[in-house]
Each structure stands twice: as C-alpha cells, then as structure tokens.
Amino acid sequence: MKDDDSTNYAEGHDVIEMVNKRSDPALTSLATALDTTLRKLWCSHRDGTPRQVNSKKYPDIRYLRHEFDYTGTTTDTDLMAALDALESLWEEFRKKGLKAC
C-alpha cells in the first residue's frame, strides 16, 4: 500500500490506518475486523515479556507466542481468525482493483 500511495509511509507499520485513510466503508469494516483479531494474538516483547500484538505495529507477529509453547497465549483459532480477516481484506482490495501489497 505504500507503493500505491506514498503518503502511507508516514503511517509506519499501521496497516489499519492506511486502509482507513481510503474512506471506504467496506474496507474500514474489514480493517476493523483485522484490528480486532490481531489484538488477540500474543507475542514476546523486546524484554521477553508477553504482550498482545499491537495492531499498529504488525511486525510484532514475528515474535508470536503460541499456546503449544506458552500456556494461555495465541490459539490456533486466534491465528485462523486473523488470517481469515486478512484474506477478506485482500479480497476486497482485489474486487476494487486496488493494490493491497
């Protein structure tokens, strides 16, 4: 989205804000769903402590904590919900002829 609109560089890693700037109700709704699902994921912070993924800073996902390794953290259901939300957003971009990535 940064290549499609250079003003998005100011948003850093905040994909949700990049989508919302388009002022498209369908995209905004899907971005909100993605935001909600991303916030349910758990990652490791720089200091090693657990924290929920900051949806304004998606690279947190690189340090994902899954319940198989860390009890009470990200479940398969959480991951699938985030993936489904992302795929729905991509599909809407494609239907509108927009570049999503």
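The values are calculated or read from the model by the stated rules, or taken from the named source; none is laboratory data. Here the structure is a predicted model, which is why all the values come from computation and not from measurement. Counting neighbours? That spans all protein chains shown, and the Cβs are built from the backbone with ideal geometry, glycine included.
Out of Glu67, Glu11, one residue alone is out of contact with any Cys (no Cβ under 8 Å at 6 or more places or on another chain), of a type in the set (Asp, Glu) and either at pLDDT 85 or above or surrounded by fewer than 17 Cβ atoms within 10 Å (Cβ to Cβ) (or both). It is Glu67. Of the listed requirements (1) of a type in the set (A, V, I, L, M, F, W, C); (2) touching a residue at least 12 places away in the same chain (Cβ under 8 Å); (3) loosely packed, with under 12 Cβ neighbours inside 10 Å, Leu86 misses just one: (3). Within region 89-101, the residues that satisfy the criterion of being buried (at least 16 other Cβ atoms within 10 Å of the Cβ), over 12 Å from the mean Cα position of the chain (by Cα) and part of a helix (DSSP H, G or I) are Glu92, Phe93. The set of residues in region 30-64 that are over 21 Å from Trp90 (Cβ atoms) and either hydrophobic (A, V, I, L, M, F, W, C) or loosely packed, with under 15 Cβ neighbours inside 10 Å (or both) comprises Trp42, Cys43, His45, Arg46, Asp47, Gly48, Thr49, Pro50, Arg51.
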